[in-house]
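The values are calculated or read from the model by the stated rules, or taken from the named source; none is laboratory data. Note that this is a predicted model, so its numbers are computed, not measured. Cβ placement follows ideal geometry from the backbone for every residue including glycine, while neighbour counts extend to all protein chains displayed. Side chains included, ligands, DNA and RNA excluded: accessible areas come from the protein's heavy atoms. Shrake-Rupley method; radii C 1.70, N 1.55, O 1.52, S 1.80 Å.
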Amino acid sequence: MLSEKGSETVEVDSELPDDLTRDSLALPNPSEPELARHYTRLSEMNYGVESGPFPLGSCTMKYNPKFTEDLAARSDASIHPDRSERSTQGTLGLLHELQTYLADIGGMDAVTLQPPAGAAGEFTGILVAKAYHEANGDERSEVIIPESAHGTNFATAAMAGYDVVSLPSNDAGRVDTEALEAALSEETAALMLTNPNTLGLFERDIEEIAEMVHDAGGILYYDGANLNALLGRARPGDMGFDVMHYNVHKTFATPHGGGGPGAGPVGVTEELTEFLPDPHVRATETGYETYTPDSSIGKVHGYDGNWLVLLKAHAYITRLGDAGLADASAKAVLNANYLAEQIDYEIPFGPFHHEFVASAGEQDAADAAKRMLDFGVHPPTTKWPEIVPEALMTEPTEIESKRTLDQLAAAFNAASASDTDTIEHAPSRTAAGRIDQTSAARNPRLSWQALEEEE
Amino acid sequence: MSGSPYAPHTTSETTAMLDAVGVDSEEALFDIPESVRFDGEFGIDAKSEQAARRAVASKLADNDDLTEFLGRGHYDHYVPSVVDHLADRSEFITSYTQYQPEVAQGFLQALFEYQSMLVELTGLDVANCSMYDAATALGEAATLADRLRSVSGTRVLVPDLLHEGRRGVLDNYVAGGDLTVETYPTTDGNVDREALAERVDETTAMVYAENPTVRGTIEEGLDTVGDLADEHDALFTLGTDIVALALLEEPASVGADVVVGDGSALGLGSAYGFGLGLFACRGDREFLRQVPGRLVGASEDSDDRRAYTLTLQTREQHIRRERATSNICSNQAWVALRTAMHVASLGPDGLVELANDSVRRARETAARLDALTGVQAPVHDRHHFREFVARVDQPAEAIAADLEAEGYAVHAVGDHEIQVCVTETNEQALDGFVAAVSEVVR
């Protein structure tokens, strides 16, 4: 156990003068076997994609191939970012290839790999849009975002200094074009949209939406969270999107790592290329080099992003190729539709692609999810998007077999059939029982030092 | 190859599933208007696993095999094998954010332990469980200052020697608010405290300093910087790294309100700039409400057993949306796990020893270079940590290029200044390096 009780306090001696150093340090001091047992035990108390199905809507939890881990662990992949370009042609070459693959997949003209996560990609994309408007002497103050969008969209727009205009959905769960018309103005800097949207629905009016946004002088931003539904079938660039981010940890199977690292490359159309972050990689006649685009927004990461994650995405894309990427989308969509067919909860909107949002109806969706844990599966995303009451947002991905989907459906149906008392006291078959979130927030204890103080 | 190697469907299963859904082809499931369907090709050929692996390896082989003496805020320390093996356990690496804590106790406890280690190392009350890298963590510190009602002013003051990557990111993070960034001068690598005192006033929101600095010098008298910030109602943010924290003055004891920096100095290696952002701050109520990023808290389960959960989520983007304290969703949790593992594997003695070695190696290496004709090292009359700047008579760019031809990488940081960083990963190459410098400086 690594804890306050396992810590050892040591005096800190040094050749430095005493007034420049600390006096003591208390940290855990396990032997290597103790360390191995500690973290092995913790891993056993954790659910991952290799533990069972993990159908978290909008999170795209798919299998992470093993060989990409081996590539990322190579010593020649781990070089210092300040090395000369002449000596890092291999790394720059791989970055350039990945930029090219992603640009092709998204229908974009150029891609930067610098953003270290999807939300960082959004921030980068919105800064690019802002720089574009400013370069045109066109100060704009608003970003329009559908109510059902990811929370990061709203936070990103605010971070970039924009006011957020929230856009309601129509009765079909799609963008309400009349409401969009009303929201658009000379103040509109961008509309942020994912397609398919968070209900899994394809925005069929996308070309009209793009035209409306462009007519108003705005930029159309594509949130790539749901790109797994479209690989090889449709491209954001062809739909009229000007900027997009890719979540390589979703679409391109790099591990989510319990909350990161991800990587959030950003693609842009040609007219926005000059605003990309510094540095950008390009091919020359003799190799590869980095440069600062003419009107670059500057830096969005200390160096050039989460390189080892990008390396895994590169390997995944070359493993699948055109046919594999298209098949991944096809099977992801087939799996979502098949699973939806098997479950008892109501699904109010369709037809959907790779994910669907069921409603727990009279049940509390969070309770229903806890009940599903009792059947050895991970529950879907709950309570969001709010368009669907007591939402269970479900995305099985392409990796699940029919048999696993049937198991997952059984867990949904068991939760659906559970009485109130049972689900309110679920889970009862997991290592830990229902955890008291309220007391954790009311009385924050965020370190073992805080626990010690309490005792 | 006709499909994804990771989709398990047999032809008959696919048919059965299509039947169950009531369509006759996968194509029929795509509700995409004809006008925006894509029927082209990317031209990416599917490869066998072996071929995909070989393609990446062959490209990486185009990198020159150099021994790096590079640092400037990003460091290569030896990562013990036990870290790789434990962190790669699939339940850790293939999991998502811990939204269902009942089946995520392992990762939650590991992150709680990481937070606790940072609390011990910084002396501050609260640490989040990771930011992207040191540069973005600095940006987050500035926006925290902007949000705190208890801090007045809009000017962020940073040293003139601030790493260009950190400065660039900071500029972008403050662009959406009312903040402006200004530099204050340094003397001989360290904060010029008198000059800083002239610049700090009631319009200052945040004062940023680093220890060790980007040139590897160790600051003296940071407590006076803390006092200065405090007197003028500004936040004092200190930049550092996880190894330095084991040895140098505790940030809390010099008055730091926030600590940011590089955590990947342990647990990750160079990784071409892939990082882990440290973020710790005071635990006052106002700070707790405004701190960016995820927090793991201790709680109890239904049987009153100790349990962990993500907490204070009302600050986060999925709850507060445009009023969130940060847009961060995916962060660097797995890297934080690796760093915590590395810290635990060293233990307090091992970490202090590594930090002390970082002082010794810089001093000894500088002395060896100083003994060469045409080199003065270190140029700053300071104590150093891991790295130092050396003056060379020849143009620095030419020296760096000549050294590269000999198989060594150093920074050229001025017309006649190179910077050299030594850790346990390149120490064994020191004799050859010193001989090479001796050759090329003539």
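Quick notes on this one:
- Cα gyration tensor category, rounded, prolate or oblate, for the range B:1-53 with a/c compared to 1.5: oblate
- Largest to smallest accessible area among B:R386, A:R403, B:R37 [probe 1.4 Å]: A:R403, B:R37, B:R386
- With a 10 Å cut-off around each Cβ of A:312-320, the average count of Cβ atoms from other chains is 6.
- Solvent-accessible area lost on pairing A with B (1.4 Å probe, both sides summed) amounts to about 15000 Å².
- Of all DSSP beta bridges in the range A:191-273, antiparallel share, percent nearest 5: 35
- Sorted peptide list for A:190-203, B:247-260, criterion being average Cβ within 10 angstrom, highest first: A:190-203, B:247-260
- Ligands, DNA and RNA are left out, and with a 1.4 angstrom probe the accessible area of the protein assembly as shown is 33 Å² per residue.
- With the charge dipole of the protein assembly as shown set up from +1 on Lys and Arg Cβ and -1 on Asp and Glu Cβ about the Cα centre, the Cα lying farthest toward the positive end among the listed residues B:A57, B:F236, A:I79 is that of B:A57.
- The peptide list B:141-151, A:71-81, A:13-23, put in order of mean Cβ contacts within 10 Å with the highest first, becomes B:141-151, A:71-81, A:13-23.
- Averaged over B:241-252, number of beta-carbon atoms from partner chains that fall within 10 Å: 3
- Chain A gives an Rg/Rh value of 1.00, both radii derived from C-alpha positions and Rh following Kirkwood.
- Based on Cα contacts under 8 Å between residues 6+ apart, chain A shows a relative contact order of 19 percent.
- Charge dipole (Cα centre; +1 on Lys/Arg Cβ, -1 on Asp/Glu Cβ; no other charges) of the range B:71-145 amounts to roughly 120 debye.
- Contour minus Cα-Cα distance for B:A16 and B:A195 (0.36 nm per residue): 56.8 nm
- Antiparallel beta bridges, as assigned by DSSP with both residues in the protein assembly as shown, represent about 60 percent of the total such bridges.
- Estimated dipole of chain A in Debye, rounded to 20 [Cβ of Lys and Arg +1, of Asp and Glu -1, Cα centre]: 1620
- A Cβ-based charge dipole, computed about the Cα centre of chain B with Lys and Arg at +1 and Asp and Glu at -1, lands at about 440 debye.
- Using a cut-off of 31 Å between Cα atoms, the listed pairs A:K62/A:K130; A:K130/B:K47; A:K66/A:K331; A:K402/B:K59 include A:K62/A:K130; A:K130/B:K47; A:K402/B:K59 as exceeding that distance.
- Selection among A:A414, A:A326, A:H353 by position relative to the dipole of the range A:325-455 gives A:A326 as farthest towards the positive end (Cβ unit charges, Cα centre).
- Over the range A:144-273, the Kirkwood radius and the radius of gyration, each from Cα atoms, give a ratio Rg/Rh of 0.95.
- Intensity falloff of the range B:244-291 expressed as log10 I(q)/I(0), Debye formula with alpha-carbon point scatterers, at q = 0.19, 0.28 Å⁻¹: -0.73, -1.03
- DSSP beta bridges confined to chain A are antiparallel in about 60 percent of cases.
- Taking N as the residue count of the range B:267-306, its C-alpha radius of gyration divided by 2.2 N^0.38 Å amounts to 1.79.
- Shape of the range A:91-135, Cα gyration tensor, a/c cut at 1.5: prolate
- Mean Cα-pair separation over length for chain B, i.e. relative contact order, pairs under 8 Å, 6 or more apart, %: 19
- Convex hull of alpha carbon positions in the range B:56-215: directionally averaged projected area 13.9 nm².
- Leading residue at positive end of dipole, chain B (Cβ point charges), from B:G350, B:T11, B:G165: B:T11
- Straight-line reach from A:K383: taking Cα to Cα under 18 Å and skipping same-chain neighbours fewer than 8 places apart, the lysines in range are A:K370.
- Three-way shape call for chain B based on the alpha-carbon gyration tensor, with the a/c threshold at 1.5: oblate
- Per residue convex hull volume, Cα atoms of the range A:97-177, in Å³: 127
- Percent accessible area from carbon and sulfur atoms, the range A:164-252, protein chains only, probe 1.4 Å: 38
- As a fraction of the 1.4 Å probe accessible area of chain B, surface on carbon and sulfur atoms comes out at 42 percent.
- Here the translational diffusion coefficient of the range A:270-401 follows from Stokes-Einstein with Rh set to the Kirkwood radius across Cα pairs; for 25 °C and 0.890 mPa s it amounts to 132 µm²/s.
- Inter-chain shielding of A:114-123 (mean C-beta neighbours from other protein chains, 10 Å cut-off): 5
- Using the alpha carbons alone, the radius of gyration of the range B:382-442 stands to its Kirkwood radius in an Rg to Rh ratio of 0.94.
- Over 20 Å [Cα-Cα, the range A:272-336], rounded percent: 54
- Contact order normalised by residue count of the range A:296-399, Cα under 8 Å, 6+ apart, percent: 26
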